[in-house]
Structure formats: C-alpha cells, structure tokens
1. Which residues, counting only those in the stretch 308-349, are over 27 Å from Arg8 (Cα atoms), at pLDDT 90 or above and under 19 Å from the mean Cα position of the chain (by Cα)?
2. Using the structure shown, decide if Ala168 is in a loop (DSSP other than H, G, I, E, B), crowded, with 18+ Cβ neighbours inside 10 Å and small (Gly, Ala, Ser).
3. For the stretch 182-195, give me the residue count where each residue is surrounded by fewer than 17 Cβ atoms within 10 Å (Cβ to Cβ), not in a loop (DSSP other than H, G, I, E, B) and not acidic (Asp, Glu).
4. Looking only at residues in the stretch 119-147 that are closer than 30 Å to Asp94 by Cα and crowded, with 18+ Cβ neighbours inside 10 Å, which one is nearest to the chain's Cα centre (by Cα)?
5. Just checking, does the stretch 156-166 include any residue being without any contact (Cβ under 8 Å) to a residue 12 or more places away in the chain and over 24 Å from the mean Cα position of the chain (by Cα)?
6. I need every pair where a residue in the stretch 231-246 that is free of Cβ contacts under 8 Å to residues at least 40 places away in the same chain has its Cβ under 9 Å from the Cβ of a residue that is exposed (fewer than 15 other Cβ atoms within 10 Å of the Cβ), sequence separation at least 6 or different chains.
7. Would you confirm whether any residue within the stretch 199-209 is modelled with pLDDT of 95 or more, surrounded by fewer than 17 Cβ atoms within 10 Å (Cβ to Cβ) and closer than 14 Å to Trp41 by Cβ?
8. Is the stretch 255-266 home to any residue that is buried (at least 22 other Cβ atoms within 10 Å of the Cβ) and in contact with a Gly (Cβ under 9 Å, 6 or more places away or on another chain)?
Amino acid sequence: MTGGNGQRGAVAAGHRVTAEAAAEILADGGNAFDAAIAGLWAACVCEPVLASPGGGGFMMAHHQGETRLVDFFVDTPRAKRPAADIDFREILADFGTATQAFHIGAGATATPGFVPGVFAIHETLGSLPMTRLVEPAIRAAKGGVVMTPFQAYLFNVVSPILTATPAAAGMFAEGGATLPVDHLFRNPALADALDALSREGPRLEREGEIGRAILEAQRDAGQLTAADLAGYRVEIRRPLDLAVGKARVSLNPPPALGGGLIAAMLAELGEGATTTGAADRALAIAGAVDRIDRLWRTDPEGLSRRIAVALEADRPRATRGTTHISVVDRDGNAAAATVTNGEGNGALVPGAGYMLNNMLGEEDLNPKGFHRWISGIRLASMMAPTVVVGRDGGLLALGSGGSNRIRTAVLQAIVARLKRGLTLHDSIEAPRLHVERGRLDFEDLAGEEVADALRGAFPDHCAWPEHNMFYGGVHAVELLAGGGIEAAGDPRRAGVGIVV
C-alpha cells in the first residue's frame, strides 16, 4: 500500500528525540524497520532508564504481507553463582505516594539481547547502512538532550540506581541529585560505543571490546560469562493471530505472556465493548479483565485450553521499565517494538556509557525467593507489541510500556479502535482501567455514571482523577485504507507522534 499526499510514513514513541530519529530515517528513504532501529538507538540516549543496549525486547514486524515476532528479550545466565558470591542488593524507588523495592548489582543482570536483536532485524529487513541509522542517536548523545519533565521524574524515582556507583552518579546526577528538568544531558561514551557497534556489528558485544568490558564488570560479583554472550540467539516466532471484526490482530506469542492474555481478554469480552451505554462498556471490560486475571493465576492450563496457547503462570517473567516505538511506511511495512532495561543494575559498562539490565532482580521473576530462577532460558514478559491488518488494507502498529498494565492498555486501545471505531487519537486518550488480583484502578474521566458503576462492582478500587503513566503509554501509527497516515503518542508517557 502507498501512503497518500506524498507521505512516507509515521512514527509514535515515548520521547521527541526517539520519534525524530525515526522520522529522519523515513524522510531519508528508509523503511519502517530502518526507522524503528534508529528510534531504538536514540531511545538508549534520551530514555536511558527504559532503553539500553544492555537490555532486550521484542519487535512485531509486518513485511510483504507477512507478520513475524522478533524475540530479543533477555535470557537467564547459563550458570548460577552462589548468592553469597554476587553483588545483589535492594534499593527503594520513591514514586512520591509510595515506594517500591528494586534489586540491583552485577548479580541482578540477565543476558542482554538488545544488540543482537537490532542487528538481526537490520540484516533481514533493513535497507540503509547501520552507520546511517545510528547517526541521530550519536548526534543526540554528543550534543545533548534536554531533560523533559517525564524523564526528570523517572530519574528521580530511580535515583538510588542512577547514583549507585560514582561513574553512574557522574553521568546521571549533579550535586547529589539526579538531573533536573531542562538540564542538557550528554553521553559521549555512548556515542562512541554506538559508532563502534555500527561499524563492527554485534561481535563487538559478543567477543570484542564491549564484550570484554561487560565480562570484566561481571567477573567478581556477577552471573554472566563469555558463554552467555556468545550463545545468545534471537528467536523468530509466529505471532498469535486472531480475528477482531474485519481485522487480523497479531500478538506476542509464548513464552511471552502479554499477547496471550490480551487474546483471552478479547475473547472473554466478546461484543461487550460495543454496547451503547458507557457504564455497561466499562463494566464489560473490567469484568473480562478480572475473570481472565483470576483464571490465569488459578488455572493456567484451563486458560491455555480456552485460547489454545500455552500460558505458564509459574514461568519467570519480567515486567518493569518499558518503552515502545511504532512505525509504518508508505509501502505497507510496520514495526512495533517494545524494549526494557528493567531500571538498570546501577553500574555503567566501562567506557560504553550505558547500564546493563537488572532483570534477575525482579520479584515476579522470583516468586519463590530470589536466585531460584532456571538457568539458560528466555524470560517471559508482559510486553505486547502488536500489528493489526485490516481486510480493507489498513495497517495499525501499536504497543505500550507500563509493566503489568501493558496488557490492559493494549487491550483497551484495540477495543476502542476496532470495536468502537474511535479515531486513533481518541482510542489512545480514552479513559483506561486495570484489574489485578481483584483490585480495580480506573481513570475517573468518563462521568459519574461510569464511576458509580465501577465502584459498585469492585469494592476494592481506586479512582485516579486524571491520565497517569500507571496506565501505560500506548504509541500507535496507522496506514489507513484510503492512503492516509496517522500517528498518536500517549500523553500519559509524554508520547510523540510524527507523520513524515
């Protein structure tokens, strides 16, 4: 399909620098995958709490009529060191109204997949040289990125991580406090690392200078070995496909969890979201989310049978610190990529300007206690990059950050766009809710009737008076059947949409 009015494509992401990097590549003739790669590199510069070469993620890729899921999420290390021999410690993140315990240190790091994943996507789907695709990120890292209110807030929340070591504090803090709004944040070490990676490829992390720096940092108190870096493999998976109205929705398949849970919630909801009453719609969505959440936690085999997908409630899963980018181009390619670094393990890779992940410090990953994970497996995740292909030729790419709320954020955006027929922007900005373990949280923006109905159905509830990042950040782009192109970034997470 070709976009109308000379438009080359569209991008939606969680930071203007991320979105502009992707848009620059589209304008230069790159395809959706080139643009997404450029955006991911840029996100490592301007969204460093959420994206890093030391993390991992997924991309749902639609190319030449076929959709595939590229899994470059993290693996558990192949060998487990005794807990007494690793650096693994608790910090408290301060969200203002509540605190949450995270765990950091060299021993909290899983095998990263970001770099091999980006290069695998480039090798099979890219069209421009990688040296071109890193240029926007390198410029941003050298010239500096102005700290936005959202990024300054994230820095402050995880300040114990960003100041855990002198090198990290020297980059992310000043005068004992993390960088404030409007500060110009520079990262020349990351610029040099990206330049070297673009020229030498993933071998630089696998066995070259960056790989040696990673292993040196892990040698005395971490879990990673040369075998972990050398043995990591990107996996190409067939998506979980289902029909929603006149569209085919492609979701992240197992071992990820998010896509399967979205599929189950859509099936459970049925036509409940198309009722004319706003209160009835809200109750239908909340009820479907609640029933699937309870079934997954109590009877995962029963849920698996219902949707013919093996969802494992006990499989270790990582849920935190995510960001997303969506891209479509005028030739009908679509890329939806969600990535994470957890929050970072507290230490910079020497000379490289980025942190490795702290995925082994996730409480969800260790439901029976820390350090009991299974060695050498791909972790499960709630991340749910999604592509929707309409029978009329329309193409929609979307996804979200937001930890456990990813599944309900993506669900509600799909329902609003496909079942209710809202515009892309209205689908993203519509009030959201989330139900987990019987507790309802909802954005109280739909009127008194809706709020009263939800409160009556869920005694354990919390009403939020405005949009909030708690409910995710759905960034979406759409190639319309008539040839137009749209982009919508979620205001809950400072999202930016650009049509080129």
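1. Those that are over 27 Å from Arg8 (Cα atoms), at pLDDT 90 or above and under 19 Å from the mean Cα position of the chain (by Cα): Thr322, Thr340, Asn341, Gly342, Glu343, Gly344, Asn345.
2. no
3. Total meeting the criteria: 2.
4. Ala137
5. Scanning the stretch 156-166 turns up at least one residue that is without any contact (Cβ under 8 Å) to a residue 12 or more places away in the chain and over 24 Å from the mean Cα position of the chain (by Cα).
6. Partner pairs satisfying both residue conditions: Leu242/Ala267.
7. Yes, the conditions are met somewhere in the stretch 199-209.
8. No, the conditions are met nowhere in the stretch 255-266.
The values are calculated or read from the model by the stated rules, or taken from the named source; none is laboratory data. All values derive from a computational prediction rather than experimental measurement. Because the Cβ atoms are built from the backbone with ideal geometry, glycine has one as well, and the counts that use them run over all protein chains shown.
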